[in-house]
Amino acid sequence: MTTQEDPIIDLYRDSFPTFARMVQRMGGNLEQAKDCFHDALLIYLEKEKAGNLHLHASPKAYLLGTAKICWLHTLDGGTTLPFPEGFEPAEPEDPATEENEKNLLDSLLRSGKKCMELLKAFYYDHRSMLDIAAQFGFSGRRSATVQKYKCLEKVREEIKKTSTYA
Amino acid sequence: MRNEGNETCLIDQYLLRQLSDEDTQAFEVSLLLNAVLAQKVETQRMAHRLIRLFGRKEELCRIQGIYRQLLDEPAFARQLKTIFS
């Protein structure tokens, strides 16, 4: 372990065996434990980035609680248990729509990865425009903002052009 | 900012629920009267969804990377092996 280690690695190392033990006792396997834990960690990271992570206990307790809800949801087949708080599935239920969206995303990444990265930095990572300007080499916040909207318009145009979205 | 940029910014504010109640109501009236604007709103909503999909994909890759890295640590790998043996 290094002194500059990402705190998420530490949290993972400390929490996953505890969760895996619980899943094993309930008849699950390593793959199922890992999938649920990764979903819970994703929720944790998204809430942290958005500034919506209001912890009433330790990060480990929060993560284990969320992972347990994900696991119970898996066991239940998603029929009665709600998703954990703050979790909105990114992928649609309909496999055809999901496939279309994945194809569209692949196409957007092929035609303009830099734009998608800039948009992700703002909308998903919730980084400031000043940070984004520095990372992407813009002269300042204003030019980064103009570029952000140009990118959004470009993505919008690509979506409009596809036959999968009408 | 360019006019198009202003409109895109306004749509963003609507989608991200950053408009006041009064401005939201006025914007929704514009949507009923302006089919071109309504289509832009829907494509921009979809753009937000795709950005989120991209973000999640990247984040899950990072998480998978952490898992692989930890599996290289003998103590961690041994713990998992013991649990599922």
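Computed from the coordinates by the stated procedures, all read-outs in this text should not be read as laboratory data. Here the structure is a predicted model, which is why all the values come from computation and not from measurement. Glycine gets a Cβ as well: all are built from the backbone with ideal geometry, and neighbour counts include every protein chain shown.
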Task: Cα-based helix-to-principal-axis angle, B:21-33 vs chain B, degrees rounded to 10 - done: 70
Task: Label-point separation, B:Leu32 to A:Thr18 (7 Å along Cα→Cβ), nm - done: 5.3
TODO: Using the charge dipole of chain A (Lys, Arg: +1 at Cβ; Asp, Glu: -1 at Cβ; taken about the Cα centre), state which of A:Pro17, A:Leu41, A:Thr66 has its Cα farthest towards the positive end.
DONE: A:Leu41
Task: Label point distance in nm, A:Met26-B:Lys57, each placed 7 Å from Cα along Cα→Cβ - done: 3.1
- [ ] Measure of size requested: the Rg and Dmax of chain B, with Cα atoms as the atom set and Å as the unit; please supply both.
- [x] 22.6, 65
Open item on the list: Assuming 0.36 nm per residue, please report the length gained on full extension of the stretch A:Arg141 to A:Lys160 beyond their Cα-Cα distance.
Closed with: 4.0 nm
Open item on the list: Please compute the modelled spin-label separation between A:Ala57 and B:Glu22, points set 7 Å along Cα→Cβ, answer in nm with one decimal.
Closed with: 4.6
Open item on the list: Under the rule that an exposed site lies in a DSSP loop and has at most 13 other Cβ atoms within 10 Å, name the longest stretch of chain A with no GluC sites (Glu not before Pro) of that kind, not counting the sites themselves.
Closed with: A:6-84
Open item on the list: Taking the square root of 5 times each eigenvalue of the Cα gyration tensor, what semi-axes in Å does the equivalent ellipsoid of the protein assembly as shown have, largest first?
Closed with: 38, 21, 17
